[in-house]
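Here's the structure we're looking at; comments come further down.
The values are calculated or read from the model by the stated rules, or taken from the named source; none is laboratory data. Quick caveat, the model's predicted, so the values are computed rather than measured. Cβ placement follows ideal geometry from the backbone for every residue including glycine, while neighbour counts extend to all protein chains displayed.
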Amino acid sequence: MKQIEVKIGKTPVGYSAAIDILPGWVVAVTGSFADIRKEIEDSIAFYIDCAKADGESYPKVFNGKFELVYKFDVESLLYCYDKIISKAALSRLTGINEKQLSRYGLGLSKPRQKQADKIVEGLHILGKDLLAVEI
């Protein structure tokens with residue numbers, strides 16, 4: 001299955017998305033990450049349907065099975081999960097102090113790659129732990 005990278009960015013009231021293989025294609029929504037995911041899927045389907053109907057070319061990756069992979073910058077990632085995971089919890093998961101995480105989330109400073117990797121790794125560990133839970 002082909003993977004298509006979707007670049008996610010934070011806006012003052014929601015999210016924006018772009019896909020490099022679709023030049024000029026941009027989606028933006030006010031609301032949650034779930035809202036933009038749905039809008040992205042709907043927009044891609046509409047784009048492909050229109051291209052086919054008009055006889056225009058489009059990336060053939062969309063003819064088969066594909067998976068959308070959402071790529072965030074650190075500021076957008078922290079914004080996405082701000083109301084779900086507290087800075088204190090994220091600090092415990094990553095070893096990065098809360099004040100620094102807040103600066104990253106507000107866009108006041110950019111983390112080095114090592115710090116960004118710690119944030120992603122902490123969230124992945126949490127996700128794996130949650131998937132192992134049963135009641």
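Residues to consider are SER43, SER91, SER57, SER86; find the one that is outside the structural domain of LEU123 (by TED's automatic domain parsing), among the hydroxyl-bearing types (Ser, Thr, Tyr) and either under 23 Å from GLY127 (Cα atoms) or buried (at least 16 other Cβ atoms within 10 Å of the Cβ) (or both).
On the way: SER91 fails: outside the structural domain of LEU123 (by TED's automatic domain parsing); SER57 fails: either under 23 Å from GLY127 (Cα atoms) or buried (at least 16 other Cβ atoms within 10 Å of the Cβ) (or both); SER86 fails: outside the structural domain of LEU123 (by TED's automatic domain parsing).
Within the list SER43, SER91, SER57, SER86, the selection yields SER43.
Tell me yes or no: at least one residue of the stretch 116-128 is part of a loop (DSSP other than H, G, I, E, B), of a type in the set (Val, Ile, Thr) and either loosely packed, with under 10 Cβ neighbours inside 10 Å or within 18 Å of the chain's Cα centre (by Cα) (or both). I'd like the intermediate steps shown before the answer.
In the first step, residues of the stretch 116-128 are kept if they are part of a loop (DSSP other than H, G, I, E, B); the result is none.
Checked the stretch 116-128: no residue is part of a loop (DSSP other than H, G, I, E, B), of a type in the set (Val, Ile, Thr) and either loosely packed, with under 10 Cβ neighbours inside 10 Å or within 18 Å of the chain's Cα centre (by Cα) (or both).
Looking only at the stretch 5-29, which residues are over 25 Å from GLU56 (Cβ atoms) and without any contact (Cβ under 8 Å) to a residue 40 or more places away in the chain? Quick ask: steps written out before the conclusion?
Of the residues in the stretch 5-29, the ones over 25 Å from GLU56 (Cβ atoms) are 8-15, 29.
Answer for the stretch 5-29, where residues must be over 25 Å from GLU56 (Cβ atoms) and without any contact (Cβ under 8 Å) to a residue 40 or more places away in the chain: THR11, PRO12, VAL13, GLY14, VAL29.
What is the number of the single condition among (1) surrounded by 11 or more Cβ atoms within 10 Å (Cβ to Cβ); (2) part of a helix (DSSP H, G or I); (3) free of Cβ contacts under 8 Å to residues at least 12 places away in the same chain that SER76 does not meet?
If we test SER76 against (1) surrounded by 11 or more Cβ atoms within 10 Å (Cβ to Cβ); (2) part of a helix (DSSP H, G or I); (3) free of Cβ contacts under 8 Å to residues at least 12 places away in the same chain, just (3) comes out false.
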